[in-house]
1. Would you mind telling me the share, in percent, of accessible area of the chain contributed by carbon and sulfur at probe 1.4 angstrom?
2. 222 nm [θ] for the chain, helices only, -39500 (n - 2.57) per DSSP H run of 4+, per residue, to 500?
3. Mind listing the phi-derived Karplus ³J(HN,Hα) values for segment 67-76, rounded to whole Hz, using 6.51, -1.76 and 1.60 with θ = phi - 60°, and x for any glycine or proline?
4. Nearest 10 degrees, 0 to 90: what angle lies between the long axis of helix 28-40 and the longest principal axis of the chain (Cα atoms)?
5. When ranked by the protection proxy of mean other Cβ atoms within 10 Å per residue, highest first, what sequence do the peptides 24-31, 50-57, 82-89, 105-112 form?
6. Once you list every other residue whose beta carbon is under 13 Å from the beta carbon of residue 57, what net charge do they have if Lys and Arg are +1 and Asp and Glu are -1?
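The values are calculated or read from the model by the stated rules, or taken from the named source; none is laboratory data. What you are looking at is a predicted structure, and each value in this text was computed from that prediction instead of being measured. As a convention, Cβ positions derive from the backbone with ideal geometry for all residues, glycine included, and neighbour counts pool all protein chains shown. Just so you know, the surface numbers come from the protein's heavy atoms only, side chains and all, with ligands and any DNA or RNA stripped out. Shrake-Rupley method; radii C 1.70, N 1.55, O 1.52, S 1.80 Å.
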Amino acid sequence: MKSTPTQLEILEQPTYVSSWSVAGIPGFISAALDRWQREHGSLPDRFILVACPQAEINASGGLPDQVRELTNPRLRFQHFTGCHKPYLVILLVDEDAGACREKLQKMLSWSEGYLVESVDRTTRLRFIEATEECEYIA
């Protein structure tokens, strides 16, 4: 993925998730991926993305140590919406990305997970899972 295409498709996202999803905020995902690539280089054409509101992380006592252990600090960053709300964005690029995402989302309230693919000048987000309230306490 050289630069993030401006066209974004969100596939298979349930209606109830779209009502609160950060992926649905125009420009958020493209801007986050563009920023990461400007700072760190190209992303693969296929990877997993998890996004979670920073306010939820703060409310639960901070980012769980297990999230830090499971993720690469270079692929974990904060990005802001147009109305200045911070979100934690985690990119998972390894072979075990699917299993890692599943563990992460159990610890992150109001998180959403997507398979990201760059296809024909379009970034496709294929919805995997959303976690609303979780039982995890830091």
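1. Numbers: 3540 of 7410 Å².
Roughly 48 percent of what the probe reaches on the chain is carbon or sulfur.
2. Counting only the DSSP helices, I get -7000 deg cm²/dmol.
3. Values per residue, Gly and Pro as x: 5, 4, 5, 7, 10, 7, x, 6, 9, 10 Hz.
4. Once rounded, the angle reads 80 degrees.
5. Working: 24-31: 15.9, 50-57: 19.9, 82-89: 14.2, 105-112: 21.4.
Sorting 24-31, 50-57, 82-89, 105-112 by mean packing, highest first, produces 105-112, 50-57, 24-31, 82-89.
6. Residues close to residue 57 contribute a combined charge of +1.
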